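Visitor: Please see the structure below; I have some questions.
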Amino acid sequence: MKAAIYYGPKQLEIKDVDVPKVGEGEILVKVRAVGLCPTDVRIYFFGSSSVKPPIILGHEFAGEVVEIGGKVSGLEIGDKVNVPADAFCGRCKMCRIGCENLCEDPLSFGYNIDGAYAEYVKIPKRFLSRGVIFHLPDNISFEEATFVEPVACSINGVRKAGVEAGKSVVIIGDGPMGLIQVQLSRLFGADSIILIGLHDWKLQLAKKLGADYIINALHSDPVEEVLNLTDGRGADSVVVTIGVPEVIEQGLKMAGKNGFVNIFGGSRKGSAITIDPNVLHYYEICFTGSSGYTFNDYEFAYKLVVKRKINVKKLISHKFKLSELFDAINQFQNKEKSLKIIIEPTGE
């Protein structure tokens, strides 16, 4: 089979490898669609201490079951499935206190087990024993199903930001995650949703998806605009999907008293920000971060996607074959033209 194997920063090869062998309690999935995650692109260019090369990258995927190992029940050949990016251990302290997303011993596609930038991916026993293989209804496309993982991460993100009914919300970043979080904020009952970005067409799409106000940071001061829109009080919740220190600092300036600021997007290693501690102290601002999802988040995301409560089709801008992965990465870099990119390793 063809697979994209990562050996280190800027060392990625598409080559022929053996189809994985399936053992007891495992299944083999033919990958029909996989999302090009910004994290994968960052790993390609800059590496990650969490990634164990050589390894096949890719973790936002859906496909069909083509082989089933012994002692597996509830699945049949040909089933359409979506699988989480991670299988948490269920035993460590973080798992025991309900913070599975911070699991100390996860199995993670594209990090410590081979992922889905390949024609086939083996699903290890732990995923099946934890009961996290999700069947897809016939009316949901494989492309739509790849969004379950980013929606799950976004659910964790908006919850950590305190988004709820009656609150004002600012989302910084007009990429796929920002546009997903606009829709989640509306579902969570937010009273006012402001999206800040750099691209007019994405901002206009955000309006169609539920944003009340849009701000192009290239044309005006976003902090000033947010304060104007909130009558000088600042927002109840701020989600920063862009891992740029200056943008995170702007996000802190947009929060009002008793507000929340969540760093949702990862930053390059060695990044640093400057914080005035008095802002946190006197305004009682909760400054936090979010990473990944719990299995409960994932199940909720699955239901939202298959019931089409979140419009993910509108977020797909390009599709590429696996052989065109480098073209896909180049297209990803063109933020003016790209939104969510889907790779189809075995798509017809």
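Visitor: Sort out which residues of the stretch 284-298 are part of a helix (DSSP H, G or I) and either closer than 13 Å to Pro150 by Cβ or in contact (Cβ under 8 Å) with a residue 40 or more places away in the chain (or both), and write them in order of number. Write out each step before concluding.
Guide: First, pick out the residues of the stretch 284-298 that are part of a helix (DSSP H, G or I): 295-298.
Selection gives Phe295, Asp297, Tyr298.
Visitor: Might you let me know whether the stretch 156-168 holds any residue that is in a loop (DSSP other than H, G, I, E, B) and within 30 Å of Val66 (Cβ to Cβ)? Can you show your working first?
Guide: Just the residues of the stretch 156-168 that are in a loop (DSSP other than H, G, I, E, B), to begin with: 161-167.
Narrowing further to those that are within 30 Å of Val66 (Cβ to Cβ): none.
No, because not a single residue in the stretch 156-168 is in a loop (DSSP other than H, G, I, E, B) and within 30 Å of Val66 (Cβ to Cβ).
Visitor: Please go through the stretch 251-278 and pick out each residue that is in a helix (DSSP H, G or I) and touching a helix residue (DSSP H, G or I) at 6+ places or on another chain (Cβ under 7 Å). Working first, answer last.
Guide: First pass over the stretch 251-278, keeping only residues in a helix (DSSP H, G or I): 251-254, 277-278.
Hits for the stretch 251-278 are Leu252, Lys253, Met254.
Visitor: So which of Gly243, Gly189, Gly162 ends up being modelled with pLDDT under 95 and closer than 21 Å to Phe260 by Cβ? First the steps, then the outcome.
Guide: On the way: Gly189 fails: modelled with pLDDT under 95; Gly162 fails: modelled with pLDDT under 95.
Every option except Gly243 fails the conditions.
Visitor: Let me ask something else about it. Looking only at the stretch 59-88, which residues are touching a residue at least 60 places away in the same chain (Cβ under 8 Å) and within 18 Å of Ser154 (Cα to Cα)?
Guide: At the first step, the residues of the stretch 59-88 found to be touching a residue at least 60 places away in the same chain (Cβ under 8 Å) are 59-63, 80, 82, 84-86, 88.
His59, Glu60, Phe61, Asn82, Pro84, Ala85, Asp86, listed by residue number.
Visitor: Follow-up. Filter the stretch 240-257 down to residues that are more than 18 Å from Ser271 (Cβ to Cβ) and either among the small types (Gly, Ala, Ser) or in contact (Cβ under 8 Å) with a residue 60 or more places away in the chain (or both), then give me how many there are.
Guide: Total meeting the criteria: 3.
Visitor: Filter the stretch 1-22 down to the residues that are outside any strand (DSSP E or B), surrounded by 12 or more Cβ atoms within 10 Å (Cβ to Cβ) and touching a helix residue (DSSP H, G or I) at 6+ places or on another chain (Cβ under 9 Å) and list them by number.
Guide: Here is the first cut: in the stretch 1-22, the ones outside any strand (DSSP E or B) are 1, 9-10, 17-22.
From what is left, the residues that are surrounded by 12 or more Cβ atoms within 10 Å (Cβ to Cβ) are 1, 9, 17, 19-20, 22.
Across the stretch 1-22, the qualifying residue is only Pro9.
Visitor: Go through Arg42, Arg91 for me and flag whichever is within 30 Å of Asn296 (Cβ to Cβ), in the same structural domain as Phe109 (by TED's automatic domain parsing), among the basic types (Lys, Arg) and touching a residue at least 60 places away in the same chain (Cβ under 8 Å).
Guide: On the way: Arg91 fails: touching a residue at least 60 places away in the same chain (Cβ under 8 Å).
It is Arg42.
Visitor: OK, next. Which condition does Asn334 not pass, out of (1) loosely packed, with under 14 Cβ neighbours inside 10 Å; (2) of a type in the set (S, T, N, Q); (3) not assigned by TED's automatic domain parsing to the domain that holds Pro106, if it passes all the others?
Guide: Single failed check for Asn334: (3).
Visitor: Scanning the stretch 202-221 for residues that are surrounded by 13 or more Cβ atoms within 10 Å (Cβ to Cβ) and among the hydrophobic types (A, V, I, L, M, F, W, C), which turns out farthest from Gln181 (Cα to Cα)?
Guide: That would be Ala217.
Visitor: Could you check how many residues of the stretch 304-341 are more than 21 Å from Val31 (Cα to Cα), in contact with a Lys or Arg (Cβ under 8 Å, 6 or more places away or on another chain) and in a helix (DSSP H, G or I)?
Guide: Of the residues in that region, 2 qualify.
The values are calculated or read from the model by the stated rules, or taken from the named source; none is laboratory data. This is a predicted model, so every value here is computed, not measured. Reconstructed Cβ throughout: ideal geometry from the backbone, glycine too, with neighbour counts over all protein chains shown.
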